[in-house]
Amino acid sequence: TAIFTTAYAVIPANTMRDIVTSLLPGWTRTRAWVLARPLSGFAETFAQYAVEVAPGGGSDTPEPDPEAQAAILVASGTMRLTVNGTAHTLTAGGFAHIPIGAIWTVHNDGPAPLCFHWVRKRWHSAPGLQRPPLVITSDHDVPAQTMPNIDLWSTTRFVDTTDLRFDCHVNIVTFQPGGRIPFAETHVMEHGLYVLQGTARYLLNTDWVEVGPGDFMWLRAFCPQACIAEGSEPFRYLLYK
C-alpha cells in the first residue's frame, strides 16, 4: 500500500521498521523515521520525522539550521523541553511551536520511551512581521473548532490563524464517524498528514486510499483531496500546512 507519485505519497505505518530508521547528529539514544524532507517534486517546504528517544536520551543541539522553526507533538512518554533556559514538561498530546533563533534542548528523563512528531520548516518573513512567539500548549487544552455547518469535522488549531507571523500551521483535524470533507479541496497549501487515530478513505488526486493509525500522507500544492471517516471511533490526523 506504499505509494509515491508526483502529486502525493502514502507511507504506511507497517513500512516504518528498524531497517528504515535514521540516526540524527547531536542526538543520543534516538532514532527517527524521516517521513518528508525538502526534495524537488516532493515535500518542497518542510521536513517531518517520527522520533523515538530511549530513556536517558535526547539532544542539547537538536536543530542544526539557524533559520528553521519547529513544531512538536508528543505521542507518548514524557519530554523535558527547555527553550531559552526555561524547562517545560510535555506528555502525550503536548505541543510546542518553537520559533527560529530559540535555543532549545530535548531530553527523556522518564522510564519509558519518548515518541514525538517533529516538523521542521525554514521561516519566511514578510514586510512588517517579526518572528512568532514560542507556543507551549496541549491537545487537551485547546478546544477543537467545528467547520462551518459541518458538526462532524473539527480542527484543533494550536496557533492563532490570523497571526501572520506564523508562516505555517500544525493542527489536529478530527472527523467523527461518518464525517467527511464534502468536496475535493484544491488549494495552494502543501500538506503532511500523519494519522493519529481511526480509519478513513482519503482522496489523493484521483485515487481513494484506505488509511489508519501511523500512516503518513504527503500532498503537493493543489493536489485534490477529500476524506470520508469510517469505523466506530474518531478519525484524527496531525496536519502540516
Quick one: accessible surface of Glu233, probe radius 1.4 Å, all protein chains present, in square angstrom to the nearest 10.
-> 80
Shape of region 108-241 from its Cα gyration tensor (a ≥ b ≥ c, root eigenvalues): rounded if a/c is under 1.5, otherwise prolate when a/b > b/c, or oblate?
-> oblate
From the Cα centre of region 163-218 to that of region 31-104, the distance in Å is 21
For region 105-184, just say rounded, prolate or oblate: build the C-alpha gyration tensor, square-root its eigenvalues into a ≥ b ≥ c, call rounded for a/c under 1.5, and beyond that prolate if a/b exceeds b/c, oblate if not.
-> oblate
The chain - accessible surface per residue (Å², probe 1.4 Å) | 47
Each label point is 7 Å from the Cα along the Cα-to-Cβ direction; what then is the distance between the points at Ala126 and Glu185, in nm?
-> 1.9
For the chain, the charge dipole (Cβ of Lys, Arg +1; Cβ of Asp, Glu -1; about the Cα centre) points to a positive end, and the Cα of Trp123, Thr5, Phe175 closest to that extreme belongs to Trp123
Whole-percent carbon and sulfur contribution to the accessible surface of the chain (1.4 Å, no ligands, DNA or RNA) stands at 55
Extension gain Leu134-Ala7, at 0.36 nm per residue separation less the Cα-Cα distance, in nm?
-> 42.4 nm
Select from Asn84, Asn205, Asn149 the residue whose mean-square fluctuation is largest in a Gaussian network model of the chain (Cα-Cα springs shorter than 10 Å).
-> Asn149
Shape call for region 20-150 from the C-alpha gyration tensor, a ≥ b ≥ c root eigenvalues: rounded (a/c under 1.5), prolate (a/b greater than b/c) or oblate?
-> rounded
Return the label of the correct value of P(r) over Cα pairs in 5 Å bins from 0, in percent, as calculated from the structure shown, out of (i) 1, 5, 9, 9, 8, 6, 6, 5, 5, 4, 4, 4, 4, 4, 4, 3, 3, 3, 3, 3, 2, 2, 1, 1, 0, 0; (ii) 1, 7, 15, 21, 22, 18, 11, 4, 1, 0, 0; (iii) 1, 6, 13, 18, 20, 18, 13, 7, 3, 0.
-> (iii)
What does the charge dipole of region 1-143 about its Cα centre add up to, to the nearest 20 debye, if the Cβ of each Lys and Arg holds +1 and the Cβ of each Asp and Glu holds -1?
-> 160
How high is the FRET efficiency from Trp208 to Asp163, r the C-beta distance, R0 41 Å, rounded to 0.05?
-> 0.70
FRET efficiency, 1/(1 + (r/R0)^6) with R0 51 Å, evaluated for Thr61 and Leu152 via beta carbons = 0.70
Return the single residue from Ala54, Ala75, Ala126 with maximal mean-square fluctuation; model: Gaussian network over the chain, springs between Cα atoms under 10 Å.
-> Ala126
What residue among Thr78, Thr199, Thr146 has the largest mean-square fluctuation in a Gaussian network model of the chain, using Cα springs under 10 Å?
-> Thr146
Can you give me the Cα centroid spacing of region 107-151 and region 221-241 in angstrom?
-> 18
Would you list His117, His140 from the most to the least accessible area, probe 1.4 Å?
-> His140, His117
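The values are calculated or read from the model by the stated rules, or taken from the named source; none is laboratory data. Since this is a predicted model, take the numbers as computed values, not measurements. In this analysis, Cβ positions are derived from the backbone assuming ideal geometry, glycine residues included, and neighbour counts consider all displayed protein chains. Heads up: the accessible areas ignore ligands, DNA and RNA and are worked out on the full protein's heavy atoms, side chains in. Shrake-Rupley method; radii C 1.70, N 1.55, O 1.52, S 1.80 Å.
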